[in-house]
Amino acid sequence: MGCVKEKVTELSNDRRILFDAIIEHTKTFRYVILTLNILLFPLVFAIVYFTGGTQYAYLHIMYIPVMMSAFLFGWKGGVLAGLAGGFLLGPFMPLDTSTNVMQPFMNWFYRMAYFMLIGLVLGYIFDRLREQMLRMLNLHTRSYDTGIINYNYYLKHRNIRSQGRKKVTMALTVNNYEQLTSLLGRDAYIEVFKELYEALKTVLPDHALVFQVDFHRFWVEMSAESFRKIRDTLAESLDNVTFYSERVPLYLDYSIGISMPSPTRTMHDRFKESDIAAMHAKKQNLKIALYHDDHLHDELMLRRLGELPLALQNNDLFLEYQPLIDLKNDKVVGIEALVRWSHADKILYPNEFIPLAEESRIIDDITLWVFERVLKDFGHLHAIAPDVDIALNISQKNLFNQSLLDTMIKRIEETDFNGRNLHIEMTESSMMKNRTSTGMFFNKLRNHNVKIIIDDFGTGYSSLSCLRDLPADTVKIDRDFTMNLEDDPSLAYMVEAIVDLAHNLHLKVIAEGVEDQNILERLKALDCDYAQGFLYARPMLKDDLFVWLKERQKSAA
Ligand code: C2E
Ligand code: CA
Ligand code: CA
């Protein structure tokens with residue numbers, strides 16, 4: 001609040017603000033009012049003179065210019081106007097113009113003093129009013145906690161800042177602000193955020209308008225020319241600033257997005273584009289990214305993320321199942337559920353929306369939806385193929401949701417098969433990234449008979465010895481290994497090593513992405529346990545899968 005007060009005094013010199021706030025006007029109108037006020041003094045003098053002098057009530061018209069001066073210039077203006085008005089109606093103004101009888105000194109002197117008093121009191125009241133008005137304006141155009149100007153300020157001033165569309169817009173986002181707030185507390189974080197604001201103002205050109213959008217983001221508007229000058233050095237200059245909290249240097253992780261001038265897009269769109277570019281920079285681990293049309297893709301993704309809750313509600317998601325074959329006897333031993341989204345007139349595959357959903361809590365809802373659907377479909381599957389297990393994929397983000405885990409366990413306990421035929425897949429890299437939570441999450445599920453599959457094994461750059469630590473029953477070798485097995489002899493050695501190690505640790509091995517017969521033979525020779533891939537079947541809808549299973553059972557018989 002102290003900060004706001006400071007700004008109030010800083011701005012209170014600008015007397016126009018009260019005037020601006022009370023009277024909607026143009027610049028010319030303001031000058032007309034000022035000139036009128038000045039002209040009123042001789043006019044009142046003339047009126048009083050030609051209506052017979054100060055013995056008549058016309059002299060009270062002088063209150064009008066005194067009041068207006070107090071309004072326009074505060075108490076000093078009021079006192080001065082009272083003095084001028086009192087003097088004009090003073091020693092040179094007769095009491096009665098017809099007889100030319102002059103006023104006694106005390107008469108006009110008291111009146112002058114009275115005018116001055118009125119000017120003083122009114123001026124004082126107007127000054128206080130102005131201050132309150134400024135305070136209100138400040139609260140509207142500045143952030144309450146930081147005192148930094150905000151978007152309202154920008155909106156209010158952009159008209160007088162010419163040619164906004166020729167300007168470059170920039171968004172700066174503090175990526176680790178949540179960590180910083182929990183580490184330092186909100187007040188200390190705000191101080192750091194203010195330091196960042198000051199740093200930004202120093203590294204940016206003088207005329208750049210920096211304003212706060214929320215507690216981890218600034219938007220900036222500057223000319224294209226000055227942006228060109230600082231473009232290559234901006235990130236470096238900011239990196240050179242060290243931010244402190246209680247003398248402890250902090251690591252401020254930020255990303256900057258830039259949108260270049262465009263005659264067709266509004267400034268608001270352009271700020272949004274800068275946000276998207278900043279988000280892109282964050283994802284790509286860059287300090288700075290420029291918005292270009294590729295980011296339209298990101299915009300589209302954002303829109304998609306917004307549509308996901310409704311899609312879930314409307315059951316626009318559906319599952320396809322891909323069979324898993326035992327290589328020893330060629331029997332179907334499992335199916336893997338793969339989610340799809342029926343969106344407008346096309347089908348979206350998980351890569352087009354799961355990473356997006358992982359950015360928000362909706363990923364938990366998706367997993368739960370898939371889980372419920374799998375349980376339901378398993379009932380039907382079990383009736384026609386009792387030996388076939390069912391697997392579903394979950395995201396690393398799910399590991400942090402205890403209530404999701406509880407719900408899953410509760411649901412498993414309610415089913416007849418009690419988790420025995422259920423497998424859950426998670427990628428090796430996700431497991432390695434969250435080892436503690438992985439352990440807790442999966443061990444609980446394993447206690448309920450659920451089997452865990454390490455998906456995309458071999459892509460996580462973790463050492464093979466980590467296999468021992470991960471709570472798993474099966475490894476699924478990534479399809480990059482399988483598919484290139486024929487072309488790259490070293491891959492065969494790696495697959496062999498993985499299979500050996502997995503078997504020694506009593507884990508089963510699945511090879512995914514099996515597309516041709518030769519590779520299948522190699523995998524058999526390498527002692528893989530199971531295989532999955534287009535060679536056997538593509539992912540299919542439940543009904544198609546049932547037909548496929550029945551045909552297979554028939555041909556085996
Ligand atoms: P994934 O778990 O590795 O699933 C295998 C992916 O490979 C599937 O793609 C499948 O259609 C494809 N595939 C299977 N056999 C072959 C083959 O022989 N050749 C080739 N080229 N591809 C094959 P899809 O369905 O697009 O899924 C992609 C990824 O999305 C999955 O990779 C999985 O990580 C994720 N995903 C799928 N469903 C879910 C879900 O319900 N929840 C979560 N969190 N992730 C899911
Ligand atoms: Ca999988
Ligand atoms: Ca996989």
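The values are calculated or read from the model by the stated rules, or taken from the named source; none is laboratory data. Since this is a predicted model, take the numbers as computed values, not measurements. Methodologically, a virtual Cβ is constructed for each residue, glycine included, from the backbone with ideal geometry; neighbour enumeration extends over all protein chains shown. Just the protein is used for accessible areas: all its heavy atoms, side chains included, with ligands, DNA and RNA removed. Shrake-Rupley method; radii C 1.70, N 1.55, O 1.52, S 1.80 Å.
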Could you please state, rounded to a whole Å, how far the C-alpha centre of the stretch 331-396 is from the C-alpha centre of the stretch 35-83? 84
The extension gain from Ser490 to Asp214, computed as 0.36 nm times the residue separation minus the Cα-Cα distance, is 94.1 nm
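Could you put Leu252, Leu122 in order of accessible surface area, largest first, with the 1.4 Å probe and the full protein assembly present? Mind showing how you got there, number by number?
On the way: Leu252 15, Leu122 45 Å².
From most accessible down to least: Leu122, Leu252.
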Based on Cα positions only, what radius of gyration and what Dmax would you give for the stretch 151-291, in angstroms? 14.8, 47
Helix-only estimate, please: 222 nm mean residue ellipticity of the chain, summing -39500 (n - 2.57) across DSSP H runs of length 4 or more and dividing by its residues, to the nearest 500. -16500 deg cm²/dmol
Rounded to 10°, Cα long-axis angle of helix 267-283 versus longest principal axis of the chain: 40
Just to be sure I understand the curve: with the Debye formula and one point per C-alpha of the stretch 316-552, what is log10 I(q)/I(0) at q = 0.08, 0.16 Å⁻¹? -0.28, -1.24
All Cα pairs of the chain, percent lying beyond 37 Å: 57
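Quick one: ranking Lys287, Lys76, Lys346, Lys476 by accessible area, 1.4 Å probe, largest first, what do you get?
Working: Lys287 60, Lys76 135, Lys346 100, Lys476 0 Å².
Largest accessible area first, the residues go Lys76, Lys346, Lys287, Lys476.
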Along each of the three principal axes of the Cα atoms of the stretch 59-122, give the extent in whole Å, ordering the values from largest to smallest. 39, 18, 13
Can you give me the convex hull volume of the Cα atoms of the stretch 237-278, divided per residue and expressed in Å³? 84
Report relative contact order for the chain in percent, whole number only (criteria: Cα-Cα under 8 Å, sequence separation at least 6). 8
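Students sometimes get this wrong: rank His506, His140, His280, His207 by accessible area, probe 1.4 Å, all chains present, largest first. Each step should come with its number before you reach the end.
Values: His506 160, His140 100, His280 45, His207 75 Å².
Order by accessible area, largest first: His506, His140, His207, His280.
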Which value, in Å² rounded to 10, gives the accessible area of Val32 with a 1.4 Å probe and all protein chains present? 70
How much accessible surface area, in Å² rounded to 10, belongs to the heavy atoms of Glu372 with a 1.4 Å probe? 60
So the angle from the long Cα axis of helix 105-141 to the longest Cα principal axis of the chain, reported in degrees to the nearest 10, equals 10
Taking Cα atoms only, helix 402-414 is inclined relative to the longest principal axis of the chain by an angle, in degrees rounded to 10, of 40
What is the distance, in nm, between label points placed 7 Å from the Cα along the Cα-to-Cβ direction at Ser360 and at Leu535? 4.2
Tell me the accessible surface of Val210 in square angstrom (1.4 angstrom probe, heavy atoms of protein chains only), to the nearest ten. 10
Among bridges DSSP assigns within the stretch 316-552, what percent are antiparallel (round to 5)? 40
